[in-house]
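This report concerns only the one structure given below.
The values are calculated or read from the model by the stated rules, or taken from the named source; none is laboratory data. Keep in mind it's a predicted model, so treat the numbers as computed, not measured. For neighbour counting, all protein chains shown are included, and Cβ atoms are generated from backbone atoms with ideal geometry for every residue, glycine included. The protein model used for the area step is the full one, side chains on, heavy atoms only, and it has no ligands, DNA or RNA in it. Shrake-Rupley method; radii C 1.70, N 1.55, O 1.52, S 1.80 Å.
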Amino acid sequence: MPETHVDAGDLHDEPFEPEVLQSDLAFEGAVWDVRDDRVRYGDGEIRRQYVAHTGAVAILALDDDGRVLLIQQYRHPIRHRDWELPAGLLDVPGEEPLEAARRELAEEADLTASQWEPLVASWTTPGGNDELIHIFLATGLSDAETPHAREDEEADIRVEWVPLADAVDAVLAGRMRNGILSLGVMAATLRLRDRG
């Protein structure tokens, strides 16, 4: 493969929409669906199945002492109680990602924030789903007026405030492997470093 050189300012994902010859609903789920597509690609045709995802938000909530809020809950596909950032689906029609992030922070952590800024956005697993997650940095934290009632996996959420540097160390040592958490703590570390 020939080597190419791209100016750093020109690095970006590029939209590309080959002709979809057929798109079938392979599985209709309670939360998301699985699609089965036939696509014209180059001189041939490819077939791909993927999760059609609503999209999501996550929140890196940082307190005045430089600690990040982590939650731990059971995730059935991986059979772990992993450490995560507060997060949730973009499943309310017409709701913008920032509003969803505000809602999720209140629902998962009983917190509000006075300052919000986009931190980073990422396709979580582009070979298997079309989920785009928006991660926000939330500061100026305070308790929500009303605690949120939780059920199922959320009923036994464990909440910890961890120094941001300790969270980064745990990610780099492989003790915490949640991809959204990893991306969020690394992006926040770089953002704060750049602010001096």
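Given the options Ala30, Ala56, Ala26, name the one that is more than 30 Å from Ser114 (Cβ to Cβ) and touching a residue at least 12 places away in the same chain (Cβ under 8 Å).
Selected residue: Ala26, the only one of Ala30, Ala56, Ala26 that is more than 30 Å from Ser114 (Cβ to Cβ) and touching a residue at least 12 places away in the same chain (Cβ under 8 Å).
Taking the stated definitions as given, is Leu137 open to solvent by 80 Å² or more (accessible area, probe 1.4 Å) and not β-branched (Val, Ile, Thr)? Full working, then the answer.
On the way: open to solvent by 80 Å² or more (accessible area, probe 1.4 Å): no; not β-branched (Val, Ile, Thr): yes.
When the stated conditions are applied, Leu137 does not pass them.
Against the condition in a helix (DSSP H, G or I), within 19 Å of the chain's Cα centre (by Cα) and not β-branched (Val, Ile, Thr), how does Ala188 come out, does it pass? In short, yes. With the structure loaded, tell me whether Asp37 is in a loop (DSSP other than H, G, I, E, B), modelled with pLDDT of 95 or more and either open to solvent by 80 Å² or more (accessible area, probe 1.4 Å) or among the acidic types (Asp, Glu) (or both) or whether it fails that test. No; evaluated as a whole, the condition is false for this residue. Taken as a whole, the structure leaves Glu160 outside the set of residues that are within 11 Å of Ile59 (Cβ to Cβ), surrounded by fewer than 19 Cβ atoms within 10 Å (Cβ to Cβ) and among the charged types (D, E, K, R). The residues of region 78-102 that are under 14 Å from Gly55 (Cβ atoms) and either assigned to a helix (DSSP H, G or I) or without any contact (Cβ under 8 Å) to a residue 12 or more places away in the chain (or both), listed by number, are Val92, Pro93, Gly94, Glu95, Glu96, Pro97, Leu98, Glu99, Ala100, Ala101.
If you take the residues of region 47-79 that are among the charged types (D, E, K, R) and open to solvent by 80 Å² or more (accessible area, probe 1.4 Å), which of them is modelled with the lowest pLDDT?
Ranking the qualifying residues of region 47-79, first place goes to Arg75.
Can you spot a residue in region 166-184 that is farther than 16 Å from Ala58 by Cα, open to solvent by 50 Å² or more (accessible area, probe 1.4 Å), of a type in the set (A, V, I, L, M, F, W, C) and not in a strand (DSSP E or B)? So far as region 166-184 goes, yes, one or more of its residues are farther than 16 Å from Ala58 by Cα, open to solvent by 50 Å² or more (accessible area, probe 1.4 Å), of a type in the set (A, V, I, L, M, F, W, C) and not in a strand (DSSP E or B). Taking the conditions (1) among the aromatic types (Phe, Trp, Tyr); (2) without any contact (Cβ under 8 Å) to a residue 12 or more places away in the chain; (3) farther than 24 Å from Thr189 by Cβ in turn, Tyr74 satisfies each one other than (2). For region 103-125, the condition of being over 29 Å from His12 (Cβ atoms), in contact with a His (Cβ under 7 Å, 6 or more places away or on another chain) and not in a loop (DSSP other than H, G, I, E, B) holds for at least one residue. Here Gln115 fulfils each of the conditions (1) touching a residue at least 40 places away in the same chain (Cβ under 8 Å); (2) surrounded by fewer than 19 Cβ atoms within 10 Å (Cβ to Cβ); (3) not aliphatic (A, V, I, L, M) apart from (1).
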